[in-house]
Amino acid sequence: MALPPKILKKLILDTGLLSEKDFDNTLKEAKRIEKGPIDLLISRGFITRDFYADIIAKYLNVPRIKLVGMQIPTEILNILPEEIARTRNAVVFDKKENALNVAMLDPANLENLDFLEKYSGYFIKPHLASEEDLKAAFVQYGEEVSQDFKKIIQESIRSSLKLKGVEAKKAATEFPIVSLTNNIISYAASINSTDIHVEPLADEVLIRFRIDGVMREIVRLAKEIHPAIVARIKILSNLSIDEHNKPQDGRLKYKYADVIFDIRVAIMPTLYGEKAEMRLLTGSTKPMSFQELGMLEDTAKIVQENITKTTGIILITGPTGSGKTTTLYAMLNKLNKPEVNIVTIEDPIEYELKYVNQIQVNPKAGISFANGLRSILRQDPDIIMVGEIRDKETAEISTHAALTGHLVLSTLHTNDAPTAVPRLIDMDIPPFLVSATVNLVIAQRLVRRVCRDCVESYQVPDDIDKTINRQLVLLKGEDVSPYHPKQLYRGKGCKSCNFTGYRGRLAIYEVFNITEEVRAYIQRSDFSLDGLRKIAFTHGTRTMFEDGLKKAELGLITIEEILRVIKE
C-alpha cells in the first residue's frame, strides 16, 4: 500500500536501514521513472517486501496475516467471488459470528472496507497481507477456475466439430473457434503458464502449456479443427492466413483478469501441419532485486560491484528460457539513473523501462543487432544493452564499445560461464581484447521452487549423496566442494501447487568474475578451456550445481530440480 512521502520517510528512517540522503535520492528517482518508492527500495536491496509489510502493519495498528501455507475452507473463500477479491485485493480467510477476517493489501482503504461490508453484510476486520500472501490465496480460487476452464474448453471443442468441412479462413471467424482459442489463452493466463504450444500430430492436435519451466499436456483436439485454430491465431497476430510453407512471427495483445498480455506468436510448418507457439508476457514488471531473482548475498555483491563500473562487458549465458533477459532488466533497473543514458537493442522488447531508450530488432527495416548497435553508438550512450551477441559483427562492435568507455550488457548461448571466453575468441575477437573488455560472466538456469505450503525436510539418502559426489567430480575434477547438505527439502504436494510439490521459479547462478589472473591467462599461448575453468574454480567461482546445493540446503529448491537442469 502507498503512504504519504513524509510518513513513509519517517517509518523507513526509524528502521536505521538507510540514511536520509539515500531515501531522498530514491524518492526522487522513483518519481523520475514513475515507479513506486517502495518497489525501488526493494529492488535496490535496502529493504525486503516482507519487512516493509511488518512496518506498515505496526503503523496501521492492524494484525499481519500470512496466507502462504494456509488452506482456506472453500465456503469461507467464496464469500467474496474471485473477481471482487482480485479487484479489491482482499481475501476472506476466517469467519466469526457477525464478522469476517479479511486479508487486504491496503487495510486503510476506507472505500474498500465500506464496499466489502455492504456486499457481505458482515463487519470487516482487516488484516494486512503481502502481495505474495494474496497470490497464494488466489491460487485456491484457481482450483475451481481450472475445472471450469476444462469444462468450457470441452464444450468449445464439441461446438467446433460442427464446423467440419467449413473453410479454415471462414471457420476462424465463427464463434466456436473464436471461443475455443480465447478459452485456451485465458486458461493459460489463469494458471501462470508462460507458453502455449499447438502441436499437430498424425491424427489429432496436442495442446501443451509450459508451467514453471515444465511442459504439461492440457487437451487433445480433433485434427479437423486444427487449420481453423491456426488461422484464428494468425488473424489475431496479423499474419498471412494463406501462407503455410514458411515460418511466420507475430504479436498480439490479450486481456485477462485486468492484466494485458503481450503474446509473441511463432508459426512453423511441420510434418503434420503448422505448429503454433505463443509466449505470454505481461509487457511490464515490477523491478526485481537480485535477491528476488534468487542470488545469494555473496553472488549479488559481486554483480553489484561489476555493474557500477563505467566500462567493460557483462555477459549472461544460458539456453533459451533460462531467465537471462530478466536478470539483464534487473541490472538495468539498478543502473537507470538521471545521470546516465541507457540504450538497448532487443529482439523482442519484453518489458518496457521508463527513461531507457529501447530499440526493437526489425530485419524488414534493416535493423539488426549489428547495425542497430552502430546507430546506438552515435546516440552518446553510457550503458548499452544488446539482447544477444549472435555473430562476429555484433561481437566486434560490442567489444570496441566496451573498449571506448561504455558499459555493455548482453547475452550469449553457452553451457557455463567460462565457455563464454573461447566462444568470443571463436567469433574472431582477439584474446587480448576479450581479456581487456570482459568484466563478468554469469551462467544461469531456472529451477522450480519448493512449494512453501507443503514443504518438508528429510535426511539426504546415500544414493543422492553419491550422485552429488559424482556430479562434483565431473564438474571440478575432484570432490573439493564444501557444499554437502545433510538435510534437504521437498514439497509433499498440495492443492496450492496442483500436487506437484513446486510453485514458482528462481535462478541458480555461476558467477565468473574476471580477475587479473584470469585476464593474464586468457592471453597465454597455451590457453585452454579446461585451464580457464581450473583458474576460475581456484579463485572462488561457484558452479551452478554448488549454488543449487546451497539453495537446496536452505529449503528453496530440490536436489532433483538441480540435477534436471544441469546434470552432466
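The values are calculated or read from the model by the stated rules, or taken from the named source; none is laboratory data. In this text the structure is predicted, and so the values were computed from the model without any measurement. No Cβ is skipped: glycine too gets one built from the backbone with ideal geometry, and neighbour counts run over all protein chains shown. These accessible areas exclude ligands, DNA and RNA; they are computed on the full protein's heavy atoms, side chains included. Shrake-Rupley method; radii C 1.70, N 1.55, O 1.52, S 1.80 Å.
Inside region 326-437, counting only helices (runs of 4 or more DSSP H) that do not spill past its ends, which hold 3 or more residues that are buried (at least 22 other Cβ atoms within 10 Å of the Cβ) and of a type in the set (Lys, Arg)?
Ranges flagged: none.
Table: residues versus (1) in contact with a Leu (Cβ under 8 Å, 6 or more places away or on another chain); (2) open to solvent by 20 Å² or more (accessible area, probe 1.4 Å); (3) not in a loop (DSSP other than H, G, I, E, B).
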| residue | (1), (2), (3) |
| --- | --- |
| Leu488 | no, no, yes |
| Thr500 | no, yes, no |
| Leu506 | yes, no, yes |
| Val518 | yes, no, yes |
| Lys534 | no, yes, yes |
| Thr541 | no, no, no |
| Phe545 | yes, no, yes |
| Lys551 | yes, no, yes |
| Leu556 | yes, yes, no |
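Pull out all pairs, ordered by first then second residue, where Cβ-Cβ is under 6 Å, the residues are six or more apart or on different chains, the first lies in region 471-493 and is over 25 Å from Arg448 (Cβ atoms) and at pLDDT 65 or above, and the second is in a loop (DSSP other than H, G, I, E, B) and open to solvent by 50 Å² or more (accessible area, probe 1.4 Å).
Val473/Asp479
Checking the structure you have, find out if any residue of region 88-96 is more than 31 Å from the chain's Cα centre (by Cα), surrounded by 15 or more Cβ atoms within 10 Å (Cβ to Cβ) and of a type in the set (S, T, N, Q).
No; the residues of region 88-96 include none that is more than 31 Å from the chain's Cα centre (by Cα), surrounded by 15 or more Cβ atoms within 10 Å (Cβ to Cβ) and of a type in the set (S, T, N, Q).
For region 114-123, name all the residues that are open to solvent by 40 Å² or more (accessible area, probe 1.4 Å), on the phi < 0 side of the Ramachandran plot and either of a type outside the set (D, E, K, R) or part of a loop (DSSP other than H, G, I, E, B) (or both).
Phe115, Tyr119, Tyr122, Phe123
Taking Leu377, is it of a type in the set (A, V, I, L, M, F, W, C) and over 20 Å from Ile316 (Cβ atoms)?
It is true that Leu377 is of a type in the set (A, V, I, L, M, F, W, C) and over 20 Å from Ile316 (Cβ atoms).
Quick check, is Pro200 of a type outside the set (A, V, I, L, M, F, W, C), without any contact (Cβ under 8 Å) to a residue 40 or more places away in the chain and surrounded by 19 or more Cβ atoms within 10 Å (Cβ to Cβ)?
In short, no.
Can you name the number of the only condition in (1) part of a loop (DSSP other than H, G, I, E, B); (2) surrounded by fewer than 17 Cβ atoms within 10 Å (Cβ to Cβ); (3) over 29 Å from the mean Cα position of the chain (by Cα) that Leu80 fails?
(2)
Could you pull out the residue among Leu180, Leu161 that is part of a helix (DSSP H, G or I), touching a helix residue (DSSP H, G or I) at 6+ places or on another chain (Cβ under 8 Å) and loosely packed, with under 15 Cβ neighbours inside 10 Å?
Leu161
Kindly list, by first and then second residue, each pair from a residue in region 95-119 that is under 16 Å from Ala137 (Cα atoms) to a residue that is open to solvent by 60 Å² or more (accessible area, probe 1.4 Å) and not in a loop (DSSP other than H, G, I, E, B), limited to pairs with Cβ atoms under 9 Å and residues at least 6 apart or on different chains.
Short answer, once both residue conditions are applied: Lys95/Glu75; Leu100/Glu117; Leu100/Phe123; Leu100/Lys125; Asn101/Lys95; Asn101/Lys125; Val102/Lys125; Leu105/Glu131.
Yes/no matrix, rows are residues, columns are (1) in contact with a helix residue (DSSP H, G or I) (Cβ under 6 Å, 6 or more places away or on another chain); (2) open to solvent by 30 Å² or more (accessible area, probe 1.4 Å); (3) within 28 Å of Met288 (Cβ to Cβ); (4) of a type outside the set (Val, Ile, Thr):
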{"position": "Leu67", "(1), (2), (3), (4)": "yes, no, yes, yes"}
{"position": "Ala85", "(1), (2), (3), (4)": "no, no, yes, yes"}
{"position": "Asn98", "(1), (2), (3), (4)": "no, yes, no, yes"}
{"position": "Val102", "(1), (2), (3), (4)": "no, no, no, no"}
{"position": "Asn112", "(1), (2), (3), (4)": "yes, no, yes, yes"}
{"position": "Lys125", "(1), (2), (3), (4)": "no, yes, no, yes"}
{"position": "Leu128", "(1), (2), (3), (4)": "yes, no, yes, yes"}
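Looking at (1) farther than 30 Å from Ile508 by Cα; (2) open to solvent by 20 Å² or more (accessible area, probe 1.4 Å), find the lone condition where Glu277 falls short.
Every listed condition holds for Glu277 apart from (1).
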